[in-house]
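This report concerns only the one structure given below.
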Amino acid sequence: MTEGVEQLYFHRARGLTVTGSAATAIAARDGRVLAAAAEVGAGRLVVVGGGELSALPFLGRADNARFLLNTLSWLLTGQYAPAGSELAKAVTHERCFTVRSFHPEEDLAKVEGSHVVDARPYRSLLERIGGGILPDPYQEQAAFLLEAELRFDEMPRVIREAVTTFRHRSNDYEGLLVRGLPVDAELPGTPADPARRLDKSTWLSELWLAGFASALGFPLAYHQEKHGLLFQNVAPTPHNAANLSSESSAILLDFHTETAFHPHMPDFLMLHCLRSDHDGIAKTIMASVRMALPHVSLADRCELFLPQFRTGVDYSFGSANGVQGNGPTLPVLYGNPYDPYMTFDLDLMVGETPHAQQALEALRSAVNKVQRWVRLEPGDLLIVNNRRAVHARSEFSARFDGRDRWLQRVCLVSDPVPSAADRRGSGRVVETVFAV
């Protein structure tokens, strides 16, 4: 059974007590027997301290696949598996394991499910919630956020339930699309400088962002991003049209985890559409880890769990455009091996070994296979689970005439404590410094 097996990976295995001369210990760690075999009468018996040894997330590790093939062959024939190494390689490196199917439609708005909630039937109620005097969200931020949280409690139950369910259980797409929220009646021109706030006669867009954020976690800003604005404008600019920036338009802004390099990266990202692009073609694209992993081999999946990937610091945080690998080293996958989290930046991340780079390329292919998208319209709010999905944006034509595509963005974390030391006082601006 151990022919060709040099190392086994056990996950949460329990030790076995082996008694009698008939049983043979075949795997041990730290003095504990973790697997044993014995001949019993005319038959054969194998006991393993944990079935996860042969489960899909772990079958690609070490020599687990070869051990499983040898074990099955020995139980059946009393011999190790013929050509076992070739079979094990086929199982771990060449095969992908799809455990269930997903809806093939790419346009998220056309697929019914918990990932979409329609706010339009509640328009009159939402207009009342958004009416009346509001504190200035930029000059009286604390008062505004408190008021937004209180008003969110008046939202229709179907909307609050969708947000709460998404926070606790998410969904296969790792995104929640709220369609048709009321928009500001008198919207100014799309900002030529997205890093500066604009005066508006009403604050509906900020109210929705702050209200939904209060149900999801703790909204925060980053000092280097839009000068620390909590409500960030996302709009095209001529000088960044071809840069890896939220202000680009002429290029595909490819799949990435928002601020993947940051020690306090957001758990959720919210994008609220105030104005569509002129041609109505810009797509906000997503790919979830749950949908992508079935397209990744077991061997590559195991590589992605190792801390051997260097990501790059974003252009907006002071890095030169497109510089790869000048950020921290981290794993791409982490957490529960059966339902992991993912940190991935297709443009700026590199593997530190040939095997790691190969695994990155495999994940690149996988996220492109499972991509889903939506064309955001005014009043749409898209919430992205930033730890389980990557997002992207297609190219579009910008005219820089004050009527270009305009989104507002808010980042938020589930727990404000880890970032507290990097925020001044009780503020919400993270001031972590990066050397690039």
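Nothing in this text is a laboratory measurement; each read-out follows from the coordinates by a stated rule. Keep in mind the model is a prediction, meaning the values are calculated, not measured. Because the Cβ atoms are built from the backbone with ideal geometry, glycine has one as well, and the counts that use them run over all protein chains shown.
For region 211-227, list residues with backbone N below 20 Å from a point placed 7 Å from the Cα of His168 toward its Cβ? Taking a point 7 Å out along Cα→Cβ of His168, the residues of region 211-227 whose backbone N falls under 20 Å are 212-218. Largest GNM mean-square fluctuation across Arg310, Arg120, Arg372, computed for the chain with C-alpha springs under 10 Å, falls on Arg120. For region 152-175, the residues whose backbone nitrogen is under 11 Å from a point 7 Å from the Cα of Ser414, taken along Cα to Cβ, are 167-170. Under a Gaussian network description of the chain, with springs only between Cα atoms under 10 Å, the residue in Pro236, Pro219, Pro156 that fluctuates furthest is Pro156. Taking 0.36 nm per residue of sequence separation and removing the Cα-Cα distance, the Ala185/Leu45 pair yields an extension gain of 43.0 nm.
Max-minus-min Cα coordinates of region 223-317 on each principal axis give 44, 32, 24 Å, with the largest extent listed first.
Between Ile281 and Gln79, the contour length at 0.36 nm per residue exceeds the Cα-Cα span by 66.6 nm. Restricting attention to the chain, the count of lysine pairs at 8 or more positions apart or across chains with alpha carbons under 21 Å apart stands at 4.
Per residue, the convex hull spanned by the Cα atoms of region 23-94 amounts to 88 cubic angstrom. For region 119-216, the square roots a ≥ b ≥ c of the C-alpha gyration tensor eigenvalues yield an a/c of 1.5 or more together with a/b exceeding b/c, which makes the shape prolate.
With +1 on the Cβ of every Lys and Arg and -1 on the Cβ of every Asp and Glu, and nothing else charged, how large is the dipole of region 108-430 about its Cα centre, in debye rounded to the nearest 20?
On the way: 33 positive and 39 negative charges, 79 e Å.
Result for region 108-430 is approximately 380 debye, rounded to the nearest 20.
Checking every one of the GluC sites (Glu not before Pro) in region 178-229 against DSSP loop status and a limit of 15 other Cβ atoms within 10 Å picks out Glu186. Net charge in the neighbourhood of Leu68 (other residues with Cβ under 14 Å of its Cβ; Lys, Arg +1, Asp, Glu -1) is +1. Summing +1 for each Lys or Arg and -1 for each Asp or Glu among the other residues whose beta-carbon sits under 13 angstrom from that of Leu381 gives -1.
Label zone (His223, point 7 Å along Cα-to-C-beta; backbone nitrogen cut-off 16 Å) within region 253-283: 262-265. Each Cα pair of region 116-159 feeds into the Kirkwood radius, which the Stokes-Einstein equation turns, at 4 °C and 1.567 mPa s, into a diffusion coefficient of 113 µm²/s. Under a Gaussian network description of the chain, with springs only between Cα atoms under 10 Å, the residue in Val111, Val178, Val323 that fluctuates furthest is Val111.
Hydrodynamic radius of region 322-436 by the Kirkwood approach over all distinct alpha-carbon pairs: 17.8 Å.
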